[in-house]
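Notes follow the structure.
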Amino acid sequence: MLEPFAALQKQTVCAYQPEQVAEIIRSGDAERIAVLFSGDSSFFSGAKNLLPIMNNIHITVLPGISSMSAMCAKCGLQYENMKFISLHGTTANIAVHAATNHSCFFLLGGDMTASKLCQRLCDYGLSDIQVYIGMNLGYENEKVLVGKASEFLAVQTETLSVLITVNSSYLRYIPCAIPDSQFIRGQIPMTKSEVRCNAVSLLRIPHDAICWDIGCGTGSVSVEMAFRCPDGQVYSFDQKQEAVQLTEQNAHHFACDHIRTVQGKCPDCLHNIPSPDVVFIGGSGGLLNEIFEEIQKKNPKAAVTMTAVSLETLSHAVRIFEQYCGEYYTVQIAVTRTKKVGEHTMFDTQNPVWLISGELKCSG
């Protein structure tokens, strides 16, 4: 980046960390200084971290050509509706974005290479998705590869490459009340679709939320949580190995690669997990108070929703919500489906379920 300016015979410094760059500028006596960033200074650029610490210095920001713009021009793609994801320092939230967006632009780097990304897509049922890989954009050794994800599992790329996915069969809506029959089932109880959609909606999940699903069972709630936080993370807990395995299978089935499963007893297995924004409790193992204590330690303003199918559980839940939330909301859902019996359509009554929901209040 500095080489083309060598003929100007100006003082040049190679630095990367924003604090170091800022210190060089403050300690220098030059009247005007230029800081060079690759690509566009407003697109996942180091300028984002440098600008806030450049106090009392007049700054003019000049945009460049981003890797996104250059790559789309090479491939003849439009990017006004494209989802942009940086994988610098992270390896999650790949399949869910590719499954729910027509096109995604991934900035690769660190541990996530193009071949690993394509492997992730294949692992989550997206092997036929169209992929564009760009390397060394703008240089003489520039290279662009086009094909299906399954064709690039062994491709060798530069560390700082880019990748675009195009999915003509992407989900055009946020799945809600997913039919029970679409989940992989075992002998583990599952929160039914009508109850599930109401429980998840009460949590008002932000797109970048950290979600906990305690007593995840088949993972049906985890999946619906995951579709609502494509930029976040879902942690699913259960004591039973079969439940954890079913949740993992359903996460793959629905291309939700940001669901993480944890087998163990709550609250013991909650200690080293990131603090939740929202929590669903499908089963507490009789330790509801201890679970609420841990949630409050992690985030004293977390939103919590739980289900109750017996009077004893409902009574206990109400006392706990009064203690930790103050204000809370309860509703009973009584679902009656229909089924064919011969030539007649008969009513198939489901067990009534109570939903209890509230936001924790600060203990202080």
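The values are calculated or read from the model by the stated rules, or taken from the named source; none is laboratory data. Since this is a predicted model, take the numbers as computed values, not measurements. FYI the Cβ positions are ideal-geometry reconstructions off the backbone, even for glycines, and counts take in every protein chain you see.
On the given criteria, is ALA255 part of a loop (DSSP other than H, G, I, E, B), of a type outside the set (Asp, Glu) and not assigned by TED's automatic domain parsing to the domain that holds GLN119?
Details: part of a loop (DSSP other than H, G, I, E, B): yes; of a type outside the set (Asp, Glu): yes; not assigned by TED's automatic domain parsing to the domain that holds GLN119: yes.
Answer is yes for this residue.
Please verify whether ASN141 is touching a strand residue (DSSP E or B) at 6+ places or on another chain (Cβ under 9 Å), more than 22 Å from LEU77 (Cα to Cα) and either in the same structural domain as GLY217 (by TED's automatic domain parsing) or not charged (D, E, K, R) (or both), treating the condition exactly as stated. Write out each step before concluding.
On the way: touching a strand residue (DSSP E or B) at 6+ places or on another chain (Cβ under 9 Å): yes; more than 22 Å from LEU77 (Cα to Cα): no; either in the same structural domain as GLY217 (by TED's automatic domain parsing) or not charged (D, E, K, R) (or both): yes.
Here the answer is no, as ASN141 does not meet what is asked.
Among the residues of the range 315-351, write down those that are in contact (Cβ under 8 Å) with a residue 24 or more places away in the chain and either of a type in the set (Asp, Glu) or not in a helix (DSSP H, G or I) (or both). I'd like the intermediate steps shown before the answer.
If we filter the range 315-351 for residues that are in contact (Cβ under 8 Å) with a residue 24 or more places away in the chain, which is where we start, we get 316-318, 320-321, 323-331, 333, 335, 350-351.
The answer is CYS325, GLY326, GLU327, TYR328, TYR329, THR330, VAL331, ILE333, VAL335, GLN350, ASN351.
Out of ASP208, ASP213, I need the residue that is touching a Phe, Trp or Tyr at 6+ places or on another chain (Cβ under 9 Å) and acidic (Asp, Glu). Which one?
It is ASP213.
Please determine, by comparing only the residues of the range 247-267 that are in contact with a strand residue (DSSP E or B) (Cβ under 7 Å, 6 or more places away or on another chain) and among the hydrophobic types (A, V, I, L, M, F, W, C), which one is farthest from ARG120 (Cα to Cα).
It comes out as CYS266.
Go through the range 122-145 residue by residue and tally those that are of a type outside the set (D, E, K, R) and either exposed (fewer than 14 other Cβ atoms within 10 Å of the Cβ) or farther than 18 Å from MET71 by Cβ (or both).
8
Regarding the range 48-64, can at least one residue be identified that is touching a residue at least 60 places away in the same chain (Cβ under 8 Å) and not in a loop (DSSP other than H, G, I, E, B)?
no
Within the range 240-262, is there a residue that is in contact with a helix residue (DSSP H, G or I) (Cβ under 8 Å, 6 or more places away or on another chain), surrounded by fewer than 20 Cβ atoms within 10 Å (Cβ to Cβ), among the hydroxyl-bearing types (Ser, Thr, Tyr) and more than 20 Å from ILE356 (Cβ to Cβ)?
Taking every residue of the range 240-262 in turn, none turns out to be in contact with a helix residue (DSSP H, G or I) (Cβ under 8 Å, 6 or more places away or on another chain), surrounded by fewer than 20 Cβ atoms within 10 Å (Cβ to Cβ), among the hydroxyl-bearing types (Ser, Thr, Tyr) and more than 20 Å from ILE356 (Cβ to Cβ).
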